[in-house]
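> Below is a structure I'd like to ask you about.
Nothing in this text is a laboratory measurement; each read-out follows from the coordinates by a stated rule. None of these values were measured; they are calculated from a predicted model. Note that each Cβ is placed from the backbone with ideal geometry, even for glycine, and that neighbours are counted across all protein chains shown.
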Amino acid sequence: MVDKLDVIQGTLDLLILRTLQWGPQHGHGIGQVMRARTDDLLQVEHGSLYPALHRLQREGWIRADWGVTENNQQAKFYRLTAAGKKQLAIEESRWKLFVKTVSRLLRSQE
Amino acid sequence: MWRRILWWFRRKDHEQDLDAEIRSHIALETGEQMKTGVSAEEAERAARRTFGSFSRITEETRDVWRFVQFEEFCQDCRYAFRALLHNPGFTAVVVLTLTLGIGATTAIFSVVKAVLLEPLPYKQPDRIVRIVENVPAAESFRGIAMRLPAMSPEEFEWWRQKTKTLSHMAVTMPQSRTLMLRDTNVRIAGSRVSAALFPMYAITPVLGRGFSADEERSDAHVVVLSAGALQRYFGGNPGIVSQTITMDEQAYTVIGVMPDEFGDAAFWTPYTVGTTREGTVTFVSVTARLADGLSMEAAAAEINALGHQLREAPFKPGAAPRFELSRVLDEIVAPVRPALQVLVVAVGVILLIVCANVANILLTHGSKRQAEIATRQALGARRGRLGRQMLTESVVLAGIGGIGGIVAAYGGVVLLKMLATVQLPAFFGPIRPTSLLPRVGEITIDPVVLAFAVVTTMLAGVAFGLAPALRLSNPQEVAAARNSGTFKITGPTHTGRVLAAAQLALATPLLVAAGLLLHSFVKLTTIDPGFNAENVLYFDLVLPEDYTAERKLAIADELDSRLRSMPGVIAAGFTDGPPLSNRSSARPYGGYDPPYKEPREKTQTQQIEQRSVSPGYLRALGVPLVAGRWLDERDRTMRAPAILVSRAYARYYFEDRDPVGTLLPTRSGPALVAGVVDDVRLNGIDKDAPMAGFVDPHLVLEFADDELAKRGRKRGEGGNRHFLTGMSGTLGYAVRVNGDPLAIAAGVRRVIREVDSSAAADSVMRMEDVVSNTNAQPRFYAVLVGVFGAIAAAVAGIGIYGVLSYAVAQRTREIGIRVALGARRGEVVGLIMRQGAILVAAGLAIGLAGAAALTRYVSGMLFGITAMDISTYIAVAAAFALLALLACFIPALRAARLDPLAALRHN
């Protein structure tokens, strides 16, 4: 039985960048996508996305514009910038390295 | 970084933007939720729930793009101000406490900085030294071993030629002169100095030059003025150099002007060996500068070797040096260093008490704020954030207290300077109006002192704010508070109580010392000096030193009669030794040989004080006549000169006989006792009235001439120039008037000038001020220690109050239950008072024991009481206990007035 997982500190940025790779999305949508793709296993408090979004924006990795959703509601849409794409690549490889290292460690102790 | 600044400037837009964004999120999520078929309200509630803490997320998001610390600080400050304004009583108590603590600390620091820390305002002051001789008892003129920091003029010449380790040597001799201006004469204080003095201190003249070596002769008649004197007497005229001014009827050419930093002399003239009086043993004060590149030790070794050569004493290696060098800087501050160190410790203790106290008050106050803190935490405030807020409040409090403290320090410095600066006529002390503290003019609140105050304030704010900040922001305690209603803190109450008792214990010795000094001072001021100083004008008549005795007397008599004819004047007269002046007069008219006593008992003769007084002097002073009559002018021509004796004299020599009319055999023939006057404290307010005789100066002069004639010597040309005015060249006058004596001061100056154009009045002041200023030293200590004692007592009282208020706040519910169960008000008051009384008793007991051990350090400053004076101890203990119990009574009363229903509902 697997409990719902908290987002590991620091991986939220990676997840957001990764989500935005498929195109511009608003904060609510990002949360939805993340939950849907992990079969609701990953629990993200909706609100906690916003500090992260603004931080990424401050770093210049994403950009934000107001737009309209398919339901004709006002929402702020985030999209990846060129710098954000580079950053995503860096974070992805760093994550893979991290996972590989941890798995190796766990295997060796079996 | 750049982007961040831009963001910061557009923060209002972002704020609105974020709001809109969150609203849109909630809207979207509500839409999602509604798909599951719930109502719109239900959906929105769910949306908000999943979103998390609204304010925390806004806060955190804002943190991303702002100068967080700074903004939060501003916000905390604003909040702190609002909170403080909301509790004016609490704020006032804390601010007042801090004002006292920081004010006292800052004022004392400004003194310490000016006196001990600041270098003297000239080049390398630590290289200015003085030669000190350790004279063994066998060679000392007093018969005891002594440290002699002076030398004879001849020795000065010798040293100057021999030494190679001292680059400059200079004599400084204080002198007073009468500066004769167009319409008035003024006495100014200055120095005779060697030409080397100015180069030694490397002081550059503001105008002109210093002295040259060939001006060190008595006929040079050149003078250097201080900038202050130039401003005061010559309107700052820059053309003064090479003009002449008149001092003591002689013309002097001004050759230069020195800056004011250079001591307090108004003028300088060259020192020459010939300017010291003949026939007097004179020592001159010599300062010197170490030659460049030489160490103090090397110079001291040379000086000691040379000194042995000078004394023709064998130099024993390893023996204690006969000659030493001492730093002038050390000499200036050495006498006050211990007293200042005591004051520093005292204010340090006060500041600690203050901090401990304010921490206690903040805790007390904080216990009332649990609801607010719990709410803030529930809204998502993190612990660090809460703690920072609390700390900011402390710092804001400290800041207000610090501003108050700086204002208080300004007042304190003014008071200190006023107390330390004492004007007294030359008869009563050194030549110039003097100060109880060295370098008192340099004491100011300058940027360094201000910086000190600011740093002290900040440290204090953090010190007393830290404990409450940590405690009140602790989540566990907040949680506990949510449940129980108050902060349940067991340890700190104990600490608080110990602290409060410790404050009492610390304050008590200070208060006892203050009590002793005040008691002693009151004793001094309530002593009857034997005369009535009210409505009496005091002044010194200063006559040129080369006037003959006859001329001096003629001028004095003329002035005497002119004064008596002035409107409003009741009586006037002069003397060679005013009362309280500690001027033991070894006048030649004497050797009373009173009858009725065995020779063995006549050794008392040695202790008879003899003063020359004009016929009106004692009357002007208001000395009561006990028997017989006053002296008058006719007595001068009588065969047996008339004298007055004091009551103590009459009692000792005549016992129950009537002395009036008795002829006393004296060395110069019989003298008639014309009257008996009441005892006067001639030698100082703290010394018993001596047996005394008062004689007309004319008779004293006659006697001196007779003595010369008997020895077959002729009177010198012009007579005895030392007569009457002695070394200081002054005569003390007393004028009794109707009303304020200072009202006739200007008239007196005019009359003096009319009587003799070279005469001047000095120290024109109320006799009452003269009397009170002779107590300046005890007054200084009594007021200073008194103020500190009062501060410590007040703060300790607030401490007790704070601890008990805290206890009452904690026990609100318990008290409510007690009252509900039928406890009477008196019982509730008793409950709290008992708690307070234990603290007070413990603190006082320890404090009194400490006082008994420590007050011996002030025993040297006490008059008429001992350091263990039991009445002072009892009075101080009683007063302090009363104050402390009063501080306990207020919270006790508050507890008693608690409405039991409100108290029970308190949670």
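> Which whole number gives the average, over all residues in A:47-60, of C-beta atoms from other chains lying within 10 Å of the residue C-beta?
On the way: counts 14, 7, 5, 11, 10, 3, 3, 11, 5, 1, 4, 5, 2, 1.
Counting Cβ atoms of other protein chains within 10 Å of each residue's Cβ and averaging gives 6.
> Give the average, rounded to an integer, of partner chain Cβ atoms located within 10 angstrom of each Cβ in B:44-51.
For peptide B:44-51, the averaged partner shielding equals 2.
> For peptide B:22-30, how many partner chain Cβ atoms fall within 10 Å of a residue's Cβ, on average? Don't jump to the answer; show the numbers that get you there.
Numbers: counts 5, 2, 9, 11, 3, 6, 12, 4, 0.
Average per residue, whole number: 6.
> Mean-square fluctuation check for chain A, GNM, Cα pairs under 10 Å: which of A:GLU59, A:GLU92, A:GLU70 is largest?
A:GLU70
> Let me ask you something else. With +1 on each Lys and Arg Cβ and -1 on each Asp and Glu Cβ, how big is the dipole of region A:26-67 about its Cα centre, in debye rounded to the nearest 20? Could the numbers behind the result be given before it?
Numbers: 5 positive and 5 negative charges, 30 e Å.
Charge dipole, region A:26-67, about its Cα centre: 140 debye, nearest 20.
> Which listed residue (A:PHE98, B:LEU363, B:GLY739) has the Cα farthest towards the positive end of the charge dipole for the protein assembly as shown, taking +1 on Lys and Arg C-beta and -1 on Asp and Glu C-beta about the Cα centre?
After comparing all options, I get A:PHE98.
> Let's test this: bin the Cα-Cα distances of the protein assembly as shown at 10 Å from zero up to the farthest pair and state each bin's percent.
2, 8, 12, 14, 14, 12, 10, 8, 7, 5, 4, 2, 1, 0, 0
> Output the antiparallel fraction of DSSP beta bridges having both residues in chain A, as a percent to the nearest 5. Write down the numbers at each step before the final one.
Values: 9 of 11 bridges.
Bridges in chain A are about 80 percent antiparallel.
> With θ set to phi - 60° and the Karplus curve 6.51 cos²θ - 1.76 cosθ + 1.60, what are the ³J(HN,Hα) couplings of region B:538-553 in order, to the nearest whole Hz, using x for Gly and Pro?
9, 7, 9, 8, 10, 10, x, 5, 8, 5, 6, 4, 4, 5, 4, 5
> In Å and from the alpha-carbon atoms only, list the Rg and Dmax of chain B.
In order Rg, Dmax, the Cα atoms of chain B give 38.0, 141 Å.
> What's the local net charge at B:ARG639, with K and R +1, D and E -1, over the other residues with C-beta under 14 Å away?
-1
> Now, a different point. Among B:ALA83, B:ILE798, B:THR165, which residue has its Cα positioned farthest towards the positive end of the charge dipole of the protein assembly as shown, with +1 placed on the Cβ of Lys and Arg, -1 on the Cβ of Asp and Glu, and the dipole taken about the Cα centre?
Positive-most Cα among the choices belongs to B:ALA83.
> Where does each of B:611-621, B:775-785 land if you order them by average Cβ count within 10 Å, highest first?
Order by mean packing, descending: B:611-621, B:775-785.
> Sticking with this structure for a sec: Scan around B:ARG192 for amide H atoms under 5 Å from its own, H built in the peptide plane at 1.01 Å from N, and keep only partners 5 or more places away or cross-chain.
Correct list: B:MET173, B:GLN175, B:THR269.
> Here's another thing I want to ask about it. Please report, in cubic angstrom per residue, the volume enclosed by the convex hull of the alpha-carbon atoms of region B:140-198.
Given the Cα convex hull of region B:140-198, per-residue volume reads 139 Å³.
> If you place +1 on the Cβ of every Lys and Arg, -1 on the Cβ of every Asp and Glu, and leave all else neutral, what size is the dipole of region A:12-105 about its Cα centre, to the nearest 20 Debye?
Dipole magnitude for region A:12-105 comes out near 420 debye.
> Taking the highest mean first, how do the peptides B:670-683, B:436-449 order by number of other beta carbon atoms within 10 angstrom per residue?
B:670-683, B:436-449
> Once you compute Rg and the Kirkwood Rh from C-alpha atoms, what is the Rg to Rh ratio for region A:12-105?
Result for region A:12-105 is an Rg/Rh of 1.00.
> Could you point to the residue in B:ALA460, B:GLY628, B:ALA549 farthest towards the positive end of the protein assembly as shown's charge dipole, with +1 and -1 charges on the Cβ of Lys/Arg and Asp/Glu respectively?
So the residue we want is B:ALA460.
> Listed highest first by mean packing, meaning other Cβ atoms within 10 Å per residue, what order do B:129-136, B:509-516 come in?
Final packing ranking: B:509-516, B:129-136.
> Oh, and also: On a 0 to 90 degree scale, rounded to 10, what angle separates helix A:82-108 from the longest Cα axis of chain A?
That helix lies at roughly 20 degrees to the long axis.
> Further question: Would you calculate, for chain B, the mean residue ellipticity at 222 nm contributed by helices, counting each DSSP H stretch of 4 or more residues as -39,500 (n - 2.57) and dividing by all residues, to the nearest 500? It would help to have the intermediate numbers written out before the result.
Numbers: 28 runs with 461 residues, N = 907.
Counting only the DSSP helices, I get -17000 deg cm²/dmol.
> Quick check: net charge around B:GLU118, other residues with Cβ under 9 Å of its Cβ, Lys/Arg +1 and Asp/Glu -1?
So the surrounding residues net to +1.
> Nearest 20 debye, what's the magnitude of the dipole of the protein assembly as shown about its Cα centre given +1 on Lys and Arg Cβ and -1 on Asp and Glu Cβ? Don't skip to the end; give the middle numbers.
Values: 112 positive and 98 negative charges, 705 e Å.
Result for the protein assembly as shown is approximately 3380 debye, rounded to the nearest 20.
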